Each structure stands twice: as structure tokens, then as C-alpha cells.
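Peer 1: Dropping the structure in here first, questions after.
The values are calculated or read from the model by the stated rules, or taken from the named source; none is laboratory data. For clarity, every value in this text was computed on a predicted model and none was experimentally measured. Reconstructed Cβ throughout: ideal geometry from the backbone, glycine too, with neighbour counts over all protein chains shown.
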């Protein structure tokens, strides 16, 4: 063409699918190279999490669930740090600009951005000959110095966790077929577990409660056992966990009681996106109450103890159970 | 193992290669899920750019150049927005944890972070069966409301650009072999052009000068012609560019004069990472002087005009040259 074309395929893709999501003034309608965040006196909490096709999600996972998982994994981190969502940028590596995939992806991303009050601020769309990858960097706000760290746990404190543990690992096991798939005959329970794997429920409503009460916190994304070991390691403490106190869904409890899976599988499985935190004994009840008030169940699962050992998991007979692995690792 | 292992391969990789880079207090030694940025009254400018092996860099590009390109592409965006670097987060998608690749990658990243005063704040390391991908989200500071936009160009203003245009496109052409490779016999010139492709020179020293003088700015990363068309489109203006004023390196000028490549190839090629901006005529001289003082050459290449047409490129005989394509597009 003599005069060139005003919009490249990449620009057209952005204009069509992502500009409608960029409603925040600081996103400048995605018409610029950068976005502007106005912190208004707060600290800006920054977190980044990427998901790769075939690694963090399955090639036939619906595109709307891929969008939600990418954003929600980051919202979960912000909540665990006590931060209120402020926005995110998106890097999308695609093999092709496939409308049938992009349309539901962008629609779901927009719905989540609205639901969690975390607007799209900018991004980059690149081509790749390899697996699809979605990388999100999300921003949150906390009053100056108030980000909650992994490092504040002290001996004698309670260990608490939101929601239920292990459902996402079971959901993935069902999608992969095999014995969990065969055993999970109840369709409704099966769908619920798959849903936990594909679409995390970030505990955004916990942000202020965590900020007000927790001495240390992180989100459980790589397995409760491994993530607790990380929190303890950074805090310079250990912990003793009562296996029977670990909150399980009805479906998970059923599969464990029938011997289909062991508890270890659940507490070393990833993708829970629950909040794990520690807090002084005298704050635990008020914390749990505030969480219930926000519609989120919180369970007390053990105690922080002095030492540098990997946290111990104790069964109903008072025996320590040995874990084959603590968590998921990429390498 | 009975008690599990305290650090996974992923944690060990981060501890070994990236923790030493996380010297900023707000990075918390990469021991947390998130970083904290203290804006101190400034706006936080956010930009994100990803590079994919085989798309933005070549599979046998040295790892140190991959690290520098990933960070510098983002530093270039910040400079064009008038923002002073404040830090970055890194997402690294790797096929394996290969020490021979990671060691020089991390070392170069650390050197650049120090040189440009842009510390590593956090990141995510994931495995991929596909091409290597490095995604960076970088942060800069500007006084409130002072980010420089693409949208402020007005008819009658000067169009200016830093450095030289087209060297990186020539460097890529040399690496790909073919006629440019054959024609670029001078080894020193060849290495310089390849260097421009592999390791951009972000115009970080221009940030304050751009902020003080430019009415609109962006970095040239997808080709001068296409990027100028974007700037004009968002500003609601057009431009007339004098082809002979476009700054070329000696090596580029030589290849053009020998007919090895056309000027169009240079102005539609990507990876320049120069700053393109517009400014009122009466500010142009002071702007160029301030840039020279910072060690950066600035050239006046044309004029902003009213209208919505794609910018015109006029040759030495006053003829408009037609461009096959304006810039690089992924899709």
C-alpha cells in the first residue's frame, strides 16, 4: 500500500479487545507507551505472576478461565499482603490473533477487572511460536509501611488459613483422568473441584483484615506445606500443624476418607490461592470473626514454634507424617 | 525425603542469581510475594515490554545481551515518558535452569540495573516447553501529572529524534545473512550494527529534558515511520518528514549510498529505541542543546501539520516516497 496502513494487526487487536477494558484515566485508553498510577500517599505494592499453557493451565481450558486465573493469581498475592487492588498490566504471548479465543478471554478479564476493582492499565502483546503465556503485574495500595510480610511470624502465634485446601489439586487430577477422575462420580462435586483449579477465588475481601491483624501472611499457591515452610523460613521460626484442622471441602473429605487420595497430596498440591497467615493468640478470634463477616471462613490449623526445622504435620494419633514433597517447583 | 527439602529448584535459582540483584529495600530480598514502591509524592509511570526468543531476539544471541535488551526496551519507554527509573519486576519463562545461560544473564541484568539506577524489585520464574521469554514491567517517577504523552503534538511543531535510525534493523539483517551481511565487509561497522540490534542504548539521560520540553513523545521501537504515525494518530495531527534529515550512522549511510538497502527499510525497521518527540519551534534549539549537553545528539526531521493523513516522507527532490510498510507488527 502506498501510504501504509494506519493500524497494524497488533494495534487492531488491542483496540478491539483491550481498549474497552482500559477505563481508568491513568491507562490513557492504551494509547500511550505507559500508564500513570497516582499513589495518593500510599505505598504501591507490586506483584507479578505468569501462567503458561501446559504448565499452569491446560491447553483446552476455556479462554475465559485462563484470563481469570492470570489476574486472580495476582489478586491473591495482593490480598495476602494487605493491599487493595489498584490496577494491572498484561503481557500476552499468542501464537495467533484468534478471535474465537481472544473474545471470551478479554470479556472475562474485563468482568474480573470490574468485579475486583482492578483496572487494566497497559500491556504488551507479542507473538510466540510456543505455548500461550499470560503474565500479569498487579498493583495494590497500602498505607505507608503497612504491607504485610512473610517475615513477621513469632513463636506462640496461631497459624490460620482461609477457605479450603486441596480442591484445586483434585480438580487438576480429575482433568488429567486416572483414579481421582474415576472416583469422583458426583458430577456437581467434580465440576466444583475443576472450577477451583481453573478459576481461583482470590480473598480480596481479606486485604484490610490481614493488614489489621496478621503478623505474617502469604497466599497459598504452590502447596500449603511448602508455602508454610517458606513463611517459617523467612520468619526464622518453625510450626506444628494439626492435620485434622486443615480445612477440606466436602468433596475432598469424601475422597480422602475413601482412600482415593492422601492428605499429603492435598497439602502439597498447588493453586489453592487461599491466605495463610500467623497472628497472636489474642487476636485470632477477632480476626476469624472479621473474616466471617466478610463471608470468608478462616481455620486455625496450628502453632508457630521456635526453631528452624521444616514445619511438622501431626495426625489425629499425634504422629508426625512424613511428606514426600512440600510443594510444586518449576525446576 | 522424609522431611521435604527446604528450597525447591525454583527457589534455589532465585536465591543464586536474582537475590543478589535485589538490593532495594522495597524488594525485601525477594523473600516476599510482592515488593513495595514508595512514590514519595510522585506519579508512578508503568510500562511493560516482553521479548521472545526467535521473535525479538535470536536463539544464539548471548544471554547477557538478552538481559540488557529486555530491561533497556522498558527503560527506553520510561525515558520517552519523561520518567526517572525506579525499579522493575522480571518474568522469566525458561525451558530449564541452565547455569551457563543464567549466570551471564543475571550478571548483565545486575550491571544494567546499577548503571541505570533501576533496581530489581521482584519477579516470577516459570518453566515453558516453548521459546524463552523475558517480560519486564518497569516503573518510573514523574512529578504529579507530568508524564509526557503521545497525544500532545500540535500543527506547526518540530519533529525531533535522538541518535540514529535504522542501525538495529541493519544489525538484524547482518545476523540473518544475505546481501546486507555480504555488503557490510567492514568488521567494526558490522559489529556496531549488530550491537545496536542486540543491546539498545536507552536514552535515560533524556527523561528530564523530554519532560521539560516535549509536547508529545514516544520511543521508536517498531520503526520510525509506524511509530510517528501512531503519535500523529493519537494527537490528531499529521506530519511531513524530510527524508534527508533522518539521522543515519556512517555505516547505514554507506549501505544506503551503495544501494544495498533503501531508506524505507531503515525507517520501517524496529529496535531503534530512540526518542521521537514534538515540540514548539521556539523550544527546539534549547532542547537540542540540553540533549547535547547530556551527550545525546538530537535531529530535527520535519514538521507537524494539520490533518489525519499518515505522515508524508519527502525525498531530496521534494517527492513523496511511498512506504511498503510502516513498521513491524506481530499479527
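To keep it simple, each residue is scored yes or no on (1) more than 30 Å from residue A:124 (Cα to Cα); (2) in the same structural domain as residue B:172 (by TED's automatic domain parsing); (3) surrounded by fewer than 16 Cβ atoms within 10 Å (Cβ to Cβ); (4) modelled with pLDDT under 95.
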site: B:265; (1), (2), (3), (4): no, yes, no, yes
site: B:268; (1), (2), (3), (4): no, yes, no, yes
site: B:284; (1), (2), (3), (4): yes, yes, no, no
site: B:290; (1), (2), (3), (4): yes, yes, no, no
site: B:293; (1), (2), (3), (4): yes, yes, yes, no
site: B:327; (1), (2), (3), (4): no, no, no, yes
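Peer 1: Looking at this structure, is residue B:58 surrounded by fewer than 24 Cβ atoms within 10 Å (Cβ to Cβ), more than 13 Å from residue B:122 (Cα to Cα) and in contact with a helix residue (DSSP H, G or I) (Cβ under 7 Å, 6 or more places away or on another chain)?
Peer 2: yes
Peer 1: A further question follows. Out of (1) more than 12 Å from the chain's Cα centre (by Cα); (2) at pLDDT below 95, the odd one out for residue B:222 is which?
Peer 2: (1)
Peer 1: Considering each residue of the range B:121-140, count those that are more than 7 Å from every other protein chain (Cβ to nearest Cβ) and outside any strand (DSSP E or B), and give that number. It would help to see each step written out before you state the result.
Peer 2: Initially, the range B:121-140 is screened for residues more than 7 Å from every other protein chain (Cβ to nearest Cβ), giving B:132, B:134, B:136, B:138-140.
From what's left, outside any strand (DSSP E or B): B:132.
The total comes to 1.
Peer 1: Residue A:80 versus (1) surrounded by fewer than 24 Cβ atoms within 10 Å (Cβ to Cβ); (2) under 16 Å from residue A:139 (Cα atoms): which is the lone unmet condition?
Peer 2: Result: residue A:80 fails condition (1) only.
Peer 1: Consider residue B:89 against the criteria (1) touching a helix residue (DSSP H, G or I) at 6+ places or on another chain (Cβ under 6 Å); (2) at pLDDT 95 or above; (3) within 13 Å of another protein chain (Cβ to nearest Cβ): it satisfies all of them except one. Which criterion is unmet?
Peer 2: (1)
Peer 1: Same structure, new question: Kindly establish whether residue A:140 is farther than 30 Å from residue A:284 by Cα, touching a helix residue (DSSP H, G or I) at 6+ places or on another chain (Cβ under 6 Å) and in contact (Cβ under 8 Å) with a residue 12 or more places away in the chain. Don't jump to the end; show me each part of the working.
Peer 2: On the way: farther than 30 Å from residue A:284 by Cα: no; touching a helix residue (DSSP H, G or I) at 6+ places or on another chain (Cβ under 6 Å): yes; in contact (Cβ under 8 Å) with a residue 12 or more places away in the chain: yes.
No: the conditions fail for residue A:140.
Peer 1: Taking the options A:209, A:174, name whichever one is in the same structural domain as residue A:307 (by TED's automatic domain parsing), more than 17 Å from residue A:311 (Cβ to Cβ) and buried (at least 24 other Cβ atoms within 10 Å of the Cβ).
Peer 2: A:209
Peer 1: Continuing with this model, one more query. Being more than 10 Å from chain B (Cβ to nearest Cβ) and crowded, with 23+ Cβ neighbours inside 10 Å is the filter; apply it to the range A:232-250 and report the residue that is nearest to residue A:180 (Cα to Cα).
Peer 2: Per the criteria, the residue is A:239.
Peer 1: Residues to consider are B:140, B:130, B:122, B:87; find the one that is in contact with a strand residue (DSSP E or B) (Cβ under 8 Å, 6 or more places away or on another chain), crowded, with 20+ Cβ neighbours inside 10 Å and within 22 Å of residue B:58 (Cβ to Cβ).
Peer 2: Residue meeting the stated conditions: B:130.
Listed here are the residues, each with its yes/no results for (1) modelled with pLDDT under 95; (2) over 30 Å from residue A:31 (Cα atoms); (3) more than 18 Å from the chain's Cα centre (by Cα).
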site	(1), (2), (3)
B:5	yes, yes, yes
B:23	yes, yes, yes
B:29	yes, yes, yes
B:32	yes, yes, yes
B:46	no, no, no
B:56	yes, no, no
B:63	no, yes, no
B:69	no, no, no
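Peer 1: Just give me the residues in the range B:62-78 being touching a strand residue (DSSP E or B) at 6+ places or on another chain (Cβ under 8 Å) and more than 10 Å from chain A (Cβ to nearest Cβ), in sequence order.
Peer 2: Across the range B:62-78, the qualifying residues are B:65, B:66, B:67, B:69, B:70, B:71, B:75.
Peer 1: Quick check on my filter: what residues within the range A:273-313 are more than 14 Å from chain B (Cβ to nearest Cβ), in contact with a strand residue (DSSP E or B) (Cβ under 8 Å, 6 or more places away or on another chain), in a loop (DSSP other than H, G, I, E, B) and more than 14 Å from residue A:215 (Cα to Cα)? Break it down into steps so the answer makes sense when it comes.
Peer 2: In the first step, residues of the range A:273-313 are kept if they are more than 14 Å from chain B (Cβ to nearest Cβ); the result is A:278-306.
Retained after the next criterion (residues that are in contact with a strand residue (DSSP E or B) (Cβ under 8 Å, 6 or more places away or on another chain)): A:278-281, A:284, A:287-288, A:291-292, A:296-306.
With in a loop (DSSP other than H, G, I, E, B) added as a condition, the list becomes A:280, A:296-297, A:306.
Hits for the range A:273-313 are A:296, A:297, A:306.
Peer 1: Please determine whether any residue of the range A:96-119 is within 8 Å of chain B (Cβ to nearest Cβ) and surrounded by 21 or more Cβ atoms within 10 Å (Cβ to Cβ).
Peer 2: Scanning the range A:96-119 turns up no residue that is within 8 Å of chain B (Cβ to nearest Cβ) and surrounded by 21 or more Cβ atoms within 10 Å (Cβ to Cβ).
Peer 1: Could you figure out which of (1) surrounded by fewer than 22 Cβ atoms within 10 Å (Cβ to Cβ); (2) out of contact with any strand residue (DSSP E or B) (no Cβ under 6 Å at 6 or more places or on another chain); (3) outside any helix (DSSP H, G or I); (4) touching a residue at least 12 places away in the same chain (Cβ under 8 Å) isn't true of residue A:259?
Peer 2: (4)
This table checks each residue for (1) within 7 Å of chain A (Cβ to nearest Cβ); (2) within 21 Å of residue A:50 (Cα to Cα).
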position: B:13; (1), (2): yes, yes
position: B:23; (1), (2): no, no
position: B:27; (1), (2): no, yes
position: B:33; (1), (2): yes, yes
position: B:42; (1), (2): no, no
position: B:48; (1), (2): yes, yes
position: B:55; (1), (2): yes, yes
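Peer 1: Answer with yes or no whether residue B:148 is under 17 Å from the mean Cα position of the chain (by Cα), closer than 30 Å to residue B:28 by Cα, at pLDDT 95 or above and within 14 Å of chain A (Cβ to nearest Cβ).
Peer 2: For residue B:148, the condition - under 17 Å from the mean Cα position of the chain (by Cα), closer than 30 Å to residue B:28 by Cα, at pLDDT 95 or above and within 14 Å of chain A (Cβ to nearest Cβ) - is not met.
Peer 1: Condition check: within 27 Å of residue B:14 (Cα to Cα) and buried (at least 20 other Cβ atoms within 10 Å of the Cβ). Does residue A:221 satisfy that?
Peer 2: So residue A:221 passes the test.
Peer 1: Got a sec? Which of A:35, A:93, A:97 is outside the structural domain of residue A:291 (by TED's automatic domain parsing) and within 30 Å of residue A:207 (Cα to Cα)?
Peer 2: Only one candidate qualifies: A:35.
Peer 1: Also, quick follow-up: Mind listing whichever residues of the range A:193-221 are in a loop (DSSP other than H, G, I, E, B) and in contact with a helix residue (DSSP H, G or I) (Cβ under 8 Å, 6 or more places away or on another chain)?
Peer 2: A:199, A:200, A:201, A:202, A:203, A:214, A:221
Peer 1: Would you be able to say whether some residue in the range A:191-212 is over 23 Å from residue A:225 (Cα atoms) and free of Cβ contacts under 8 Å to residues at least 40 places away in the same chain?
Peer 2: yes
Peer 1: Please find, among A:128, A:114, the residue that is more than 16 Å from the chain's Cα centre (by Cα) and closer than 15 Å to residue A:21 by Cβ.
Peer 2: A:114
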